[in-house]
Amino acid sequence: MNKIPTVFLRDPDDRKRTLPEVNPVCQWVVDGEGVPTRKYDGTCVMLDEAGAWWARREVRPGRTRPPGYQPVMTDEVTGKTVGWEPMANSAYARYHAEAVAGGGPGAPGTYELIGEKVNGNPERVTGHTLVRHAEADTFDVPRDFAGLRDWLLAHPQYEGIVWHHPDGRRAKLKHRDFAP
């Protein structure tokens, strides 16, 4: 799990906003490649090939990594390390167990845990559930800066869009990248 790059470059004076310049590693998105899917607002979890569940965890510089933590990458700008912690150690373990007990998935891969006790429940679901990332709702969206800005601002109920390229690359754009 690497951090998914944002389609457009960030404003160096306000890193919360994007500029109308394409991030070179995401040029494929504006070229019309990849499938755009809904970005759910929850927390990322993973079922590995051995059947173990993991929760995504960011560790800030100077902080102690939790027991069993598996780092994946460190962001050069923020210094935060992104990785996986055993689900049993996660603050979301109880809600994850509820989602799995309710008929959760059995296939290895990454999922978004959403529900009443996750991030204030912006998805407005009852209980807790898992949404497989590669199988999220797909959209027909513009591929240019102005078109994407207008589309996302017109759909505030979505956290954003994640594009999935057939070769495994991904790119994202969030509603808040354009919000005032």
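The values are calculated or read from the model by the stated rules, or taken from the named source; none is laboratory data. Bear in mind the structure is a predicted one, so any value in this text is a computation, not a measurement. Every residue, glycine among them, receives a Cβ derived from its backbone with ideal geometry; neighbour counts consider all protein chains shown.
Side notes on the structure shown:
- All strands (runs of 3 or more DSSP E) inside the stretch 34-117 with 1 or more residues being of a type in the set (Gly, Ala, Ser): 53-59, 81-86, 109-115
- Of all residues making up the stretch 120-168, the number that are of a type in the set (D, E, K, R) and farther than 27 Å from residue 19 by Cα: 4
- Residue satisfying condition, being hydroxyl-bearing (Ser, Thr, Tyr), under 30 Å from residue 142 (Cβ atoms) and outside the structural domain of residue 142 (by TED's automatic domain parsing), within set 69, 111: 111
- Selection within the stretch 39-53 - closer than 24 Å to residue 122 by Cβ and over 15 Å from the mean Cα position of the chain (by Cα): 47, 53
- No other residue among 79, 106, 68, 62 is surrounded by fewer than 15 Cβ atoms within 10 Å (Cβ to Cβ), over 27 Å from residue 158 (Cβ atoms) and at pLDDT 95 or above apart from 68.
- In the stretch 29-56, the residues that are farther than 15 Å from residue 108 by Cβ, among the hydrophobic types (A, V, I, L, M, F, W, C), modelled with pLDDT of 95 or more and out of contact with any Asp or Glu (no Cβ under 7 Å at 6 or more places or on another chain): 29
- Taking the numbered list (1) loosely packed, with under 14 Cβ neighbours inside 10 Å; (2) among the aliphatic types (A, V, I, L, M); (3) not in a helix (DSSP H, G or I) in turn, residue 153 passes all entries but (3).
- Number of the condition not met by residue 138 [criteria: (1) surrounded by fewer than 13 Cβ atoms within 10 Å (Cβ to Cβ); (2) among the hydroxyl-bearing types (Ser, Thr, Tyr); (3) under 12 Å from the mean Cα position of the chain (by Cα)]: (3)
- Qualifying positions in the stretch 7-25 - out of contact with any Phe, Trp or Tyr (no Cβ under 9 Å at 6 or more places or on another chain), surrounded by 14 or more Cβ atoms within 10 Å (Cβ to Cβ) and either within 9 Å of residue 177 (Cα to Cα) or assigned by TED's automatic domain parsing to the domain that holds residue 57 (or both): 10
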